[in-house]
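Asks: Take this structure, written in structure tokens, and hold onto it; I'll ask about it next.
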Amino acid sequence: MTKIVNHWIGGKAVEGASGTYGPVTDPATGAVTTKVAFASVDEVDTAVAAAKDAYASWGTTSLAKRTAVLFSFRALLDAHRDEIAALITAEHGKVHSDALGEVARGLEIVDLACGIAVQLKGELSTEVASRVDVSSIRQPLGVVAGITPFNFPAMVPMWMFPLAIACGNTFVLKPSEKDPSAAMKLAELLAEAGLPDGVFNVVHGDKVAVDRLLEHPDVAAVSFVGSTPIARHIHATASANGKRVQALGGAKNHMLVLPDADLDAAADAAVSAAYGSAGERCMAVSAVVAVGAVGDELVAKIRERAEKIRIGPGDDPASEMGPLITAAHRDKVASYVHGAAAQGAEVVLDGTGHTVEGYEDGHWIGLSLLDGVSTDSDAYRDEIFGPVLCVLRVDTYDEGIALINASPYGNGTAIFTRDGGAARRFQLEVEAGMVGVNVPIPVPVGYHSFGGWKDSLFGDHHIYGNDGTRFYTRGKVVTTRWPDPADAPAGVDLGFPRNH
């Protein structure tokens, strides 16, 4: 019997009422294993109403009680991490170790949320004028929404809702319809941790659900992670409806390799960063920029390592890379490899047509390596979101930095070198929001914020870290004057006697 994933509204699972369902496949077999209910406008409205009702009490609940719930949630999340990882593998396809890593990175933000009291401390200035004090405080926004992608079905929601609810907001999550079960498990654990009904809600669906969240008058803010075209639409639409927006878009992350770099370390890093999670990461390295004469040796080392990667089902401990999320996405990724030679690239490795014995109907693709790629080719210009690594050649550091900065994307980037001066120049000159020095995937730890520049981010706030707290709260400044008790009229005076 096919599993059905329904919504989570008001603290419980709610059967879908629209009559519309989407298929969820096991990427390793290609079989439809689950149906997910798609929310109607009315169902989204019900979820928002539940969140609004819950905010009336949650927004004024003490920090101690809010963080106590989050501490309980963290313990449950830790205890169920294998189960959550298995759900991710079953619907996304990534190998179990990678799925466990995703849960661990989400836990970092829960840790941050457990200590939210420090982030929410206000400021006080006394005697700014005679008997006048000024204080600054931060307050929650109300109902906030998160719209999250398929590639990290547990981690990216946890980039959002722990901080949002710790700050006193209530939350409506619209996860990817391609792998919805992890979000439902998180909702169940939050309820088990003691989160009041309605504080966290999950609605599944497509554009109908998304558009309703963007226009709903009771939604104060929207967080989004996905492709650049959709991020731009989310930002424009939600902003036009008076909402605060953080919309993280796509990427084309470059790794600059200088002639003095440790090429073995650089090749290891390139393979890990390009092909991990089958390249379905917004922080994947998809373009290696080789400076000077190192290109040939670097490409040879990358090829040697890539050819040894074991591809198979995510639940097989021997697998290092799993399938892509859908057959349609697999075919789109393959089209970039097929067209590369015609656009001047050398196809060093062609992973298209790869199959796995016993799983022939899975969404498989092997590792592809393209050398001599030009900046006007499709494989370079587009975010492929698959296991395809482009290598570009330049003669100098200056050419390399100019090439990287000419990209419309500015999410993450890395440099591999032994030269501290060159690394320092790079981190100051490169136009990207996250920079790695001999670190290929510079995803910040939870207490720093994640976000790119240019077409990789729309909105003023990065996600999680200090920016996350600022995004989910708004400031208020209070100016106060109180009369001195000694100035009270004659009669009963309970004030301290004046000694001066």
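Asks: If you plug each phi of the stretch 181-189 into the Karplus form 6.51 cos²θ - 1.76 cosθ + 1.60 with θ = phi - 60°, what whole-Hz ³J(HN,Hα) values come out, in order, with x for Gly and Pro?
Replies: Along the stretch 181-189, the couplings run 5, 4, 4, 5, 5, 4, 4, 4, 5 Hz.
Asks: Let me ask you something else. To two decimal places, what compactness ratio does the stretch 3-51 give when its Cα radius of gyration is scaled by 2.2 N^0.38 Å? Let's see the in-between values first.
Replies: Details: Rg = 12.6 Å, N = 49, 2.2 N^0.38 = 9.7 Å.
In units of the 2.2 N^0.38 Å rule of thumb, it is 1.30.
Asks: With everything on Cα atoms, drop me the angle between helix 63-79 and the longest principal axis of the chain, reported from 0 to 90° to the nearest 10.
Replies: 30 degrees
Asks: If you split all Cα-Cα distances of the stretch 106-199 into 5 Å bins from zero, what percentages do you get per bin, shortest first?
Replies: 3, 12, 19, 21, 15, 9, 6, 5, 4, 3, 2, 1, 0
Asks: Per-residue counts of other Cβ atoms within 10 Å, averaged by peptide: what ranking do you get for 289-300, 124-135, highest first? Before the final figure, lay out the partial values.
Replies: Numbers: 289-300: 18.9, 124-135: 11.7.
For the peptides 289-300, 124-135, the packing ranking is 289-300, 124-135.
Asks: Please work out the average accessible area per residue across the stretch 197-314, using the 1.4 Å probe convention, and give it in Å².
Replies: On the way: 3690 Å² over 118 residues.
Each residue of the stretch 197-314 exposes 31 Å² on average to a 1.4 Å probe.
Asks: Give the carbon-plus-sulfur fraction of the accessible surface of the stretch 1-128 in %, rounded to a whole number; probe 1.4 Å, heavy atoms of protein chains only. Before the final figure, lay out the partial values.
Replies: Details: 3320 of 5890 Å².
The computed percentage sits at 56.
Asks: With each pseudo-label sitting 7 Å past Cα toward Cβ, what's the Q427-D484 distance in nm, one decimal?
Replies: Distance between label points: 5.3 nm.
Asks: Now for a different question. Which percent of the accessible heavy-atom area of the stretch 183-277 goes to carbon and sulfur, probe 1.4 angstrom? If you can, show how the numbers build up before the last one.
Replies: On the way: 1500 of 2840 Å².
Answer for the stretch 183-277 is 53 percent, counting heavy atoms of protein chains only.
Asks: Highest mean first, what order results for 42-48, 12-18 on Cβ atoms within 10 Å? Walk me through the numbers on the way to the answer.
Replies: Values: 42-48: 20.7, 12-18: 15.1.
Per-residue mean Cβ counts within 10 Å order the peptides as 42-48, 12-18.
Asks: Among DSSP bridges having both ends in the chain, what percentage is antiparallel? Round to the nearest 5.
Replies: Working: 30 of 73 bridges.
Approximately 40 percent, going by the DSSP bridge assignments.
Asks: What fraction of the Cα pairs in the stretch 377-441, stated in percent, has a spacing above 20 angstrom?
Replies: Values: 553 of 2080 pairs.
Here the tail beyond 20 Å accounts for 27 percent of pairs.
Asks: Now for a separate question. Between the stretch 425-454 and the stretch 463-483, how many Å separate their Cα centres?
Replies: If you average the Cα positions of each part, the centres end up 27 Å apart.
Asks: Angle, helix 96-114 long axis vs. longest principal axis of the chain, Cα atoms, 0 to 90°, nearest 10?
Replies: Relative to the chain, helix 96-114 is tipped by roughly 20 degrees.
Asks: Full-extension gain between A402 and N466, please, as 0.36 nm times their residue separation minus the C-alpha to C-alpha distance. Intermediate values should be presented prior to the final figure.
Replies: Details: separation 64, 0.36 × 64 = 23.04 nm, distance 3.09 nm.
Extending this stretch completely gives an extra 19.9 nm.
Asks: If you don't mind, there's one more thing I want to ask. Could you pull the Rg and Dmax for the chain, using just the Cα atoms, both in Å?
Replies: In Å, with Rg to one decimal and Dmax whole: 25.4, 96.
Asks: Next question. For the stretch 1-159, what is the accessible area per residue in Å², given a 1.4 Å probe and the full set of protein chains? The partial results should precede the final answer.
Replies: Values: 6710 Å² over 159 residues.
Here the per-residue accessible area is 42 Å².
Asks: If you don't mind, there's one more thing I want to ask. Taking all protein chains in place and a 1.4 Å probe, what share, in percent, of the accessible surface of the stretch 343-434 do carbon and sulfur account for? It would help to have the intermediate numbers written out before the result.
Replies: On the way: 1640 of 3880 Å².
Answer for the stretch 343-434 is 42 percent, counting heavy atoms of protein chains only.
Asks: Relative to the first principal axis of the alpha-carbon coordinates of the chain, what is the inclination of helix 295-306, with its axis defined by its Cα atoms, in degrees from 0 to 90 and to the nearest 10?
Replies: Taking the Cα atoms of the chain, the angle to 295-306 is about 80 degrees.
Asks: Please give the calculated 222 nm ellipticity per residue for the chain, where each DSSP H segment of at least 4 residues contributes -39500 (n - 2.57) and the sum is spread over every residue; nearest 500 deg cm²/dmol?
Replies: -11500 deg cm²/dmol
Asks: Report ³J(HN,Hα) in whole Hz for each residue of the stretch 191-206, in order, from the Karplus equation J = 6.51 cos²θ - 1.76 cosθ + 1.60 where θ = phi - 60°; Gly and Pro get x.
Replies: Karplus values, whole Hz, x for Gly and Pro: 5, 5, 6, x, 5, x, 4, x, 5, 10, 10, 10, 10, 9, x, 10.
Asks: Here is a follow-up. Just flag the GluC sites (Glu not before Pro) in the stretch 357-446 sitting in loop per DSSP whose Cβ has no more than 14 other Cβ atoms within 10 Å.
Replies: Working: sites: E357, E360, E383, E399, E429, E431; in loops: E357, E360, E383, E431.
Here the GluC sites (Glu not before Pro) that fit, given the DSSP loop and packing criteria, are E357, E360.
The values are calculated or read from the model by the stated rules, or taken from the named source; none is laboratory data. The model shown is predicted, which means the values in this text are computed figures rather than measured ones. Don't worry about glycine lacking a Cβ; one is built from the backbone with ideal geometry, like all the others, and counts go over all protein chains shown. Accessible surface is based on the protein model in full, side chains and every heavy atom, while ligands, DNA and RNA are left aside. Shrake-Rupley method; radii C 1.70, N 1.55, O 1.52, S 1.80 Å.
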